[in-house]
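Undergrad: Okay, here's the structure, questions in a sec.
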Amino acid sequence: MDIEAEIRALQLDSAEDNNATLIPEDAKPEEVEMTDKVEEEGMTDEVDTKSQPVQAEPKVKDKEVADMDCAEVPDEMESQKKRHLNVVFIGHVDAGKSTTGGQILFLSGQVDDRTIQKYEKEAKDKSRESWYMAYIMDTNEEERVKGKTVEVGRAQFETETTRFTILDAPGHKSYVPNMISGASQADIGVLVISARKGEFETGYERGGQTREHVQLAKTLGVSKLLVVVNKMDDHTVNWSKERYDEIESKMVPFLRSSGYNVKKGNLGAVRQTNKVNAAYSIYSDVQFLPISGLVGTNMKTRVDKNICPWWNGPCLFEALDSVEVPVRDPKGPYRMPIIDKFKDMGTVVMGKVESGSICEGDSLLVMPNKAPVKVLAVYCDEDKVRRAGPGENLRVRLSGIEEEDISSGFVLSSVVKPIPTVTEFTAQLQILELLENAIFTAGYKAVLHIHSVVEECEIVELLQQIDPKTKKPMKKKVLFVKNGAVVVCRIQVNSLICVEKFSDFPQLGRFTLRTEGKTIAVGKVTDLPSRSSA
């Protein structure tokens, strides 16, 4: 069944209304509507700017002092005068994601020649000569033996204007939950596609991870994509314009059906390019470009005309620099979903700040167990800072809680306005593709992925089905639905989890449902029970 046309009803669709492009001058707040109804209700990525960050327990004098202290400290994040972006590398297994990520780190000076020579020897000893660049990102032995990324690799690099954190997501279908974890932390995506004959087709056909990764990335809030057509130097391609155009022409309709705005944008979007150049296409949410990740062609510098005479567009570093930072709210209530924790002179938690700011000395809550904690230290990348705002990947050292009392999916939250905790919520779902002979009805069980939460869930009740044409609820009572349907339902989990309504915090209100290794639905939280603990 062709569900691509249906997916527009719920996927974070900005195709008709979001005129934001990659152009700095025209940048607008990120719009992530899933349906026309979302737009009518005014749901945007902006959070309540009236909510103030919490610096201490609600004891007025102490709080005022903390605020003053924090205000007096120069913001290290701002003082660096470089914006920060999380970039997730997604795509089918063996498309070259880890190799491309490794090449970026080498070209940006994060890895020296001696280390590269060591990796070349290691790869040769394993009869995997072409994998040596991937070893920079794939650091554990299982990944090197299999030649597959298993965990989400992390690394940092900088250009002249931007600090980037690379999230190298696994491409193999067995590790999609790990990919979801990576994409949920990302601001922009780099979709790596292999131009090699047969490899693009394998990734793109039904069951290939190119399709699932794109749909998941959009659902998880990755609103801008750079589509890099890799392995252009392969002997089956030889920098063929025909092959590049074929891949672009097949991907554009699919990207559109997944919710990306692929209307042609202004070609002056790249900061280094002042003149309009008709030889390449920039779409509103997407940009295509050819590269060779293995040898680094068209990555840090533009490809030589002797190698690729037809390409007049930017190189990868230029394209990454041109993407605008999403609008974030440093004064909103503090929210940092915890993705990992460890002991190091106290309890240290890791995560990406989705809202608000954090300052050394702050008093916060770890939700859902409402544990009061004090911030002893804040680390951004490897540097200790006094303060950090939204969008940053942090390690935060806490007192007042033990490491064993924290799990992935917990949220470091403000005291005055803590994140709601629930065991049940109402959601609007888009059914993608159920398992064979499965029926989506009350009692259906799946695995819920929402920010860093992974929890078994059950559909308790189907409330109403949405008409795909009118976008309005149907009058008839709904007992079950099939592929492509949009349905409002109640979802229940066994343990307390931290969630927000999509209209309040899109990044904490989007989710996917998976079962038996397959993504069967995407959705948004539309309502929380009035008795939800907060």
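Undergrad: Which one of these is within 12 Å of Ile459 (Cβ to Cβ) and crowded, with 24+ Cβ neighbours inside 10 Å: Leu508, Leu513?
TA: Numbers: Leu508 fails: within 12 Å of Ile459 (Cβ to Cβ).
Going through Leu508, Leu513 in turn, just one is within 12 Å of Ile459 (Cβ to Cβ) and crowded, with 24+ Cβ neighbours inside 10 Å: Leu513.
Undergrad: Which one of the conditions (1) buried (at least 21 other Cβ atoms within 10 Å of the Cβ); (2) out of contact with any Gly (no Cβ under 9 Å at 6 or more places or on another chain) does Val488 fail to meet, given that it meets all the rest?
TA: With (1) buried (at least 21 other Cβ atoms within 10 Å of the Cβ); (2) out of contact with any Gly (no Cβ under 9 Å at 6 or more places or on another chain) applied to Val488, the lone miss is (1).
Undergrad: Another question, if that's okay. Quick test for you: out of Ile419, Ile439, Ile401, pick the one residue that is among the hydrophobic types (A, V, I, L, M, F, W, C) and more than 25 Å from Lys370 (Cα to Cα). If you could, list the steps in order and put the result at the bottom.
TA: Values: Ile419 fails: more than 25 Å from Lys370 (Cα to Cα); Ile401 fails: more than 25 Å from Lys370 (Cα to Cα).
Among Ile419, Ile439, Ile401, only Ile439 is among the hydrophobic types (A, V, I, L, M, F, W, C) and more than 25 Å from Lys370 (Cα to Cα).
Undergrad: Please work out which one of (1) open to solvent by 50 Å² or more (accessible area, probe 1.4 Å); (2) over 27 Å from Met336 (Cα atoms) is the condition Ile459 fails and give its number.
TA: Result: Ile459 fails condition (1) only.
Undergrad: Restricting to region 209-236, name every residue that is open to solvent by 20 Å² or more (accessible area, probe 1.4 Å) and either over 19 Å from Thr99 (Cβ atoms) or under 10 Å from the mean Cα position of the chain (by Cα) (or both).
TA: The answer is Arg211, Glu212, Gln215, Lys224.
Undergrad: A further question on this structure: Confirm whether Lys352 is within 28 Å of Glu500 (Cα to Cα), open to solvent by 40 Å² or more (accessible area, probe 1.4 Å) and not assigned by the TED database to the domain that holds Val499. If you could, list the steps in order and put the result at the bottom.
TA: Details: within 28 Å of Glu500 (Cα to Cα): yes; open to solvent by 40 Å² or more (accessible area, probe 1.4 Å): no; not assigned by the TED database to the domain that holds Val499: yes.
The answer is no for Lys352.
Undergrad: Only one of (1) of a type in the set (S, T, N, Q); (2) modelled with pLDDT of 95 or more; (3) more than 22 Å from Gly443 (Cα to Cα) fails for Thr526. Which number is that?
TA: (3)
Yes/no matrix, rows are residues, columns are (1) farther than 23 Å from Val454 by Cα; (2) touching a Lys or Arg at 6+ places or on another chain (Cβ under 7 Å):
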{"residue": "Gln465", "(1), (2)": "yes, no"}
{"residue": "Pro468", "(1), (2)": "yes, no"}
{"residue": "Lys471", "(1), (2)": "yes, yes"}
{"residue": "Leu479", "(1), (2)": "yes, no"}
{"residue": "Leu496", "(1), (2)": "no, no"}
{"residue": "Phe505", "(1), (2)": "no, yes"}
{"residue": "Arg510", "(1), (2)": "no, yes"}
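Undergrad: Among the residues of region 396-416, write down those that are open to solvent by 10 Å² or more (accessible area, probe 1.4 Å) and more than 25 Å from the chain's Cα centre (by Cα).
TA: So in region 396-416, the residues open to solvent by 10 Å² or more (accessible area, probe 1.4 Å) come out as 397, 399-405, 407-408, 410, 415-416.
Those that are open to solvent by 10 Å² or more (accessible area, probe 1.4 Å) and more than 25 Å from the chain's Cα centre (by Cα): Ser399, Gly400, Ile401, Glu402, Glu403, Glu404, Asp405, Val415, Val416.
Undergrad: Check whether at least one residue in region 327-346 is touching a residue at least 24 places away in the same chain (Cβ under 8 Å) and closer than 22 Å to Thr159 by Cα, and report yes or no. If you could, list the steps in order and put the result at the bottom.
TA: Let us first name the residues in region 327-346 that are touching a residue at least 24 places away in the same chain (Cβ under 8 Å), namely 327-346.
Pick out the ones that are also closer than 22 Å to Thr159 by Cα and you get 327-328.
Yes, the conditions are met somewhere in region 327-346.
Undergrad: Looking at region 417-437 only, could you name the residues that are buried (at least 17 other Cβ atoms within 10 Å of the Cβ), closer than 27 Å to Leu479 by Cα and hydrophobic (A, V, I, L, M, F, W, C)?
TA: Val422, Phe425, Ala427, Leu429, Ile431, Leu432, Leu434
Let's see how each residue does on (1) at pLDDT 90 or above; (2) open to solvent by 10 Å² or more (accessible area, probe 1.4 Å):
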| residue | (1), (2) |
| --- | --- |
| Val323 | no, no |
| Ile338 | yes, no |
| Lys343 | yes, yes |
| Val375 | yes, no |
| Cys380 | no, no |
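The values are calculated or read from the model by the stated rules, or taken from the named source; none is laboratory data. Fair warning: this is a prediction, and the values are worked out from it, not measured in the lab. Please note: Cβ atoms are built from the backbone with ideal geometry, for glycine as well, and neighbour counts cover all protein chains shown. Just the protein is used for accessible areas: all its heavy atoms, side chains included, with ligands, DNA and RNA removed. Shrake-Rupley method; radii C 1.70, N 1.55, O 1.52, S 1.80 Å.
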